[in-house]
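Peer 1: Have a look at this one before I ask anything.
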Amino acid sequence: MNNINNEWSAPTQEVVDLAQAFGVATEFRDQSGQIKQISAATLQAIMAALNVDVTTTEGRAQAWDRVNNGPWRLMLPHVVVARAGETKQFAIHIPDGHPVKAWIEFEDGTRRDLTQTSVYVSPRMVDGAMVGEATFEVPLDAPLGWHTIHATSGSDLSSTSTLVVTPQYLDLPPAMKDKRTWGLMSQLYATRSNTSWGLGDLRDLAALATWGGRKGAGYVLVNPMHAAEVAPPMAPSPYLPATRRYFNPIYIHIEDVPEYAKLDSLGRTKISALAEKCQAMNNTADLLDRDTVWAAKKQALEMLLEPALSVPRQKSFDDYVSREGEGLQLFATWCAIAEEHGIEIESWPEELRRPQNPAVAVKAKSVAPRIEFYKKLQWLIDEQFASAQAAAKASGMNAGIVHDLAVGVHPEGADAWALQDVLAAGVSVGAPPDMFNQMGQDWSQPPWRPDALVEAAYIPYRDMLRTILRHAGGIRVDHALGLFRLWWIPQGLGAAAGTFVKYDHEAMVGILALEAQRAGAFVVGEDLGTVEGWILEYLNSRGILGTSILWFEHASGGRPLPPEKWRKLCLGTVTVHDIPPTAGFIDGEHIRMREDLGLLTMPVEKLWADHERELAAWRELLTERNYLEVDPSGAIPEIQLEVEALHRVLADTPCQLVAIAVPDLVGDMRAQNQPGTDQEYPNWRIPTCLADGTPLLIEDLSSNPAVAQRVDRLIAAITHGS
């Protein structure tokens with residue numbers, strides 16, 4: 001990425017052709033429909049991130065050789081992804097004229113010999129030798145799963161490859177397939193109880209799910225629960241995790257750890273003192289304090305895990321470690337090193353900056369107790385997720401916990417270190433300029449390298465999905481467009497100077513569907529914004545549910561989209577975490593907030609006028625459809641009646657999933673996140689509060705008569721006619 005010219009200039013035709021050969025867009029259609037050309041500087045930087053030098057004649061020649069001859073140097077492709085019941089051909093390369101045998105070893109250990117097809121491909125001279133290509137097919141009846149292709153030629157040439165057979169279509173779980181299911185949406189850290197340590201945790205998730213299940217909810221969708229930094233300051237955003245494979249131990253409920261029961265009185269007194277300090281936060285509407293909470297929980301967990309585990313508990317831990325394998329070892333090693341040197345990898349001793357360096361193994365031995373500690377934290381949180389999911393299902397929920405998968409990871413996090421061979425360096429993920437952000441967005445997250453994912457046979461992607469889905473009934477994929485393409489931004493060029501890079505969506509979506517089906521889970525793709533029609537159709541054809549937010553559902557002319565015209569295969573909600581809860585949105589909280597923060601790009605008077613017109617249009621629909629009730633007594637606030645009416649819209653859509661945000665249940669007004677801000681607004685630090693501004697405790701949902709009545713009315717609204 002050296003010598004990049006920051007001034008806009010057009011790329012040469014050869015660079016354009018090379019970029020397109022590597023799946024890099026050389027132009028794109030922006031939100032206004034205009035075609036935007038990509039500069040030479042951007043293409044140079046993006047190609048460099050793919051390990052392609054387009055600045056020299058030699059570099060371009062090597063790139064063309066990689067495109068044209070790279071596959072011919074492989075006896076078998078790195079991975080073959082097929083759909084069940086469909087023909088999928090793949091090539092085997094051997095010295096021209098040599099015999100070849102091939103077979104599949106399925107997951108269950110059985111073997112199927114393969115027959116070469118009659119497809120003829122001319123041999124090619126590669127590296128001074130003639131190479132032939134033989135074509136084989138994956139059997140139509142190959143079972144779903146991860147299998148191995150074997151190929152041999154003569155006595156001294158052999159190769160193996162990964163075969164992934166994915167489902168044609170991901171059905172909803174049987175209990176949800178033929179009926180509407182409603183659920184809850186919760187920013188779990190903000191949803192607390194009397195026993196929380198200042199933040200909502202996994203006991204709170206179990207309690208919320210149990211309460212919701214008894215009310216008829218089928219699932220509870222939570223914020224991303226991915227692991228964050230190991231030491232303060234902890235990034236508030238759950239969408240900027242250290243890793244997407246493992247979880248944040250701040251969600252462990254200390255008193256539910258089995259080792260807590262074995263503490264002596266002195267140990268319990270110490271932990272009670274830590275708990276008391278944090279639990280005082282539960283009863284305040286002040287901003288959430290992750291650093292204080294994690295410092296207390298970490299100290300408590302160190303006390304609990306210092307003694308040797310019992311024999312049964314040690315076996316349970318050993319089984320977990322064995323199942324997780326190298327991924328857990330690398331994550332825990334990162335935690336131990338980051339604890340000592342900080343998360344900025346550039347500040348680490350140089351020999352520790354790549355996990356493959358022998359010095360890392362030496363370091364791991366010297367910090368083995370800390371590595372063991374961080375492994376145990378993941379084991380404990382895995383156990384508590386299992387308990388929360390069991391509680392959800394026992395309460396009557398059909399799906400239970402639904403996880404949220406962030407689009408990427410922290411540039412200085414565990415994945416950025418452990419997976420640097422499959423993550424692109426020198427670029428970050430974001431979004432092109434649009435009407436909401438004219439400069440574009442840079443999310444500072446390193447993207448998957450599509451070529452490296454293929455070379456890794458998608459194993460890092462699969463392992464991430466398996467961990468998240470292990471104790472879940474569903475998963476929401478943030479920015480589902482990322483399964484098809486991502487906006488890559490070269491460092492130093494600005495978010496507007498990026499371009500799209502393609503991924504093999506057949507593999508990305510197929511593997512997602514396979515792992516979800518094996519977990520008995522459904523998938524929701526966040527497909528908001530400008531998404532091409534063919535992408536929506538493709539996701540629909542694979543059984544991936546879309547996302548519909550009431551405020552964004554418009555017919556021609558900007559009128560509200562009638563509920564019967566909404567999509568069926570989607571999750572429908574009134575609100576989302578990037579705008580205020582429904583009562584706050586109606587009241588214009590988003591406009592006041594943006595004005596106060598200096599984020600407006602147009603006169604505030606126009607925004608208020610547009611907002612009032614939008615509300616008037618929705619109120620007209622609510623009145624026409626008899627959704628808006630009248631309270632003759634005047635005891636129920638008008639804004640509450642409107643919130644209920646808007647949820648009745650959801651009830652009359654064909655959406656197979658609908659959801660109520662917990663803040664809407666209780667009349668909260670404040671937004672969790674204001675896009676486009678960092679320190680200007682306390683994103684992801686707002687505790688859920690009641691309509692009067694007092695903090696919500698989960699117990700209030702049942703024990704507070706006024707809250708319980710409000711909750712029952714909203715549930716009745718979203719389920720009317722069901």
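Peer 1: Cα centroids of segment 556-617 and segment 192-244: how far apart, whole angstrom?
Peer 2: For segment 556-617 versus segment 192-244, the Cα centre distance is 27 Å.
Peer 1: A further question on this structure: At a 1.4 Å probe, what is the % contribution of carbon and sulfur to the accessible area of the chain? Walk me through the intermediate numbers first.
Peer 2: Values: 15500 of 30050 Å².
Ligands and nucleic acids excluded, carbon and sulfur reach 52 percent.
Peer 1: Also, quick follow-up: Please give, to one decimal in nm, the separation of the simple spin-label points placed at residue 617 and residue 318, each 7 Å out from Cα toward the Cβ.
Peer 2: Once both label points are built, they end up 6.5 nm from each other.
Peer 1: Where only protein heavy atoms count, and the probe is 1.4 Å, what is the accessible area per residue for segment 442-529 in Å²? Can you show the working numbers first?
Peer 2: On the way: 2400 Å² over 88 residues.
The answer is 27 Å² per residue.
Peer 1: Still on this structure, please answer the following. Can you give the angle from 0 to 90° between the axis of helix 202-214 and the longest principal axis of the chain, with both taken from C-alpha atoms, to the nearest 10?
Peer 2: In the chain, helix 202-214 runs at an angle near 70 degrees to the longest axis.
Peer 1: Kindly state, to the nearest 0.05, the FRET efficiency for residue 639 paired with residue 708, given R0 = 22 Å and r defined as their beta-carbon distance.
Peer 2: Details: r = 19 Å, r/R0 = 0.87.
That gives a FRET efficiency of 0.70.
Peer 1: Could I ask something else about it? Hey, with R₀ at 51 Å, roughly what FRET efficiency would residue 368 and residue 680 work out to, going by the Cβ-Cβ distance, to 0.05?
Peer 2: Values: r = 43 Å, r/R0 = 0.84.
The computed FRET efficiency comes out at 0.75.
Peer 1: Tell me, what is the 1.4 Å probe accessible area of residue 284, in Å² to the nearest 10?
Peer 2: Estimated to the nearest 10 Å², residue 284 gives 40 Å².
Peer 1: Tell me, what HN-Hα J-couplings in whole Hz come from the Karplus equation 6.51 cos²θ - 1.76 cosθ + 1.60 at θ = phi - 60° for each residue of segment 84-91, using x for Gly and Pro?
Peer 2: Values per residue, Gly and Pro as x: 4, x, 10, 6, 9, 8, 9, 9 Hz.
Peer 1: With the other protein chains left in place, how much accessible area per residue, in square angstrom, belongs to segment 568-718 at a 1.4 angstrom probe?
Peer 2: Using a 1.4 Å probe on heavy atoms only, each residue of segment 568-718 averages 41 Å².
Peer 1: Sticking with this one: Residue farthest toward the positive end of the dipole of segment 414-560, with Cβ of Lys/Arg at +1 and Asp/Glu at -1: which of 531, 493, 516?
Peer 2: My answer, from the dipole projection, is 516.
Peer 1: Taking a probe of 1.4 Å, how large is the accessible area per residue of segment 203-306, in Å²? Before the final figure, lay out each step's value.
Peer 2: Values: 3900 Å² over 104 residues.
With the other protein chains kept in place, segment 203-306 gives 37 Å² per residue.
Peer 1: Provide the gained length on full extension for the span residue 552 to residue 530, in nm with one decimal, where the gain is 0.36 nm per separating residue minus the Cα-Cα distance.
Peer 2: Working: separation 22, 0.36 × 22 = 7.92 nm, distance 1.17 nm.
Stretched out fully, the residue 552 to residue 530 stretch lengthens by 6.7 nm.
Peer 1: Tell me which residues come under 5 Å, amide H to amide H, from residue 114 once H is placed; ignore anything under 5 positions away on its chain.
Peer 2: The answer is 102, 103, 104.
Peer 1: Also, I was wondering about something else. Just reorder 478, 141, 712 by solvent-accessible area, largest first, 1.4 Å probe, all chains present. Intermediate results must be reported in sequence, preceding the final value.
Peer 2: Details: 478 25, 141 105, 712 70 Å².
Accessible-area ranking of 478, 141, 712, largest first: 141, 712, 478.
Peer 1: Considering only protein heavy atoms, what is the solvent-accessible area of residue 630 at a probe of 1.4 Å, reported in Å² to the nearest 10?
Peer 2: 130 Å²
Peer 1: Round to the nearest 10 and report in Å² the accessible area of residue 518, as given by a 1.4 Å probe over the protein chains' heavy atoms.
Peer 2: Using a 1.4 Å probe on the heavy atoms, I get roughly 110 Å².
Peer 1: For segment 467-581, give the share of DSSP beta bridges that are antiparallel, in percent and rounded to the nearest 5; count only bridges with both residues there.
Peer 2: Numbers: 5 of 14 bridges.
That works out to approximately 35 percent antiparallel.
Peer 1: Taking only DSSP H segments of four or more residues, each worth -39500 (n - 2.57), what value at 222 nm results for the chain once the sum is divided by all its residues, to the nearest 500 deg cm²/dmol? Before the final figure, lay out each step's value.
Peer 2: Working: 22 runs with 264 residues, N = 722.
My calculation for the chain gives -11500 deg cm²/dmol from helical runs alone.
Peer 1: To check you understand DSSP bridge types, tell me what percent of the beta bridges within the chain (both residues inside) are antiparallel, rounded to 5. List each step's numbers first, then the result.
Peer 2: Working: 47 of 79 bridges.
Among the beta bridges of the chain, antiparallel pairing accounts for roughly 60 percent.
Peer 1: May I pose another question? How much length would be gained if the chain were fully extended between residue 308 and residue 354, taking 0.36 nm per residue of separation minus their Cα-Cα distance, in nm to one decimal?
Peer 2: Numbers: separation 46, 0.36 × 46 = 16.56 nm, distance 3.20 nm.
Full-extension gain reported as 13.4 nm.
Peer 1: Something else about it: For the chain, what is the convex hull (Cα atoms) projected area averaged across all directions, in square nanometres?
Peer 2: 34.7 nm²
Peer 1: Provide the gained length on full extension for the span residue 652 to residue 158, in nm with one decimal, where the gain is 0.36 nm per separating residue minus the Cα-Cα distance. Mind showing how you got there, number by number?
Peer 2: On the way: separation 494, 0.36 × 494 = 177.84 nm, distance 5.94 nm.
Going from the current span to full extension adds 171.9 nm.
The values are calculated or read from the model by the stated rules, or taken from the named source; none is laboratory data. Bear in mind that the values here come from a model prediction, so they are computed numbers and not experimental data. Don't worry about glycine lacking a Cβ; one is built from the backbone with ideal geometry, like all the others, and counts go over all protein chains shown. With ligands, DNA and RNA removed, areas are computed over all heavy atoms of the protein, side chains included. Shrake-Rupley method; radii C 1.70, N 1.55, O 1.52, S 1.80 Å.
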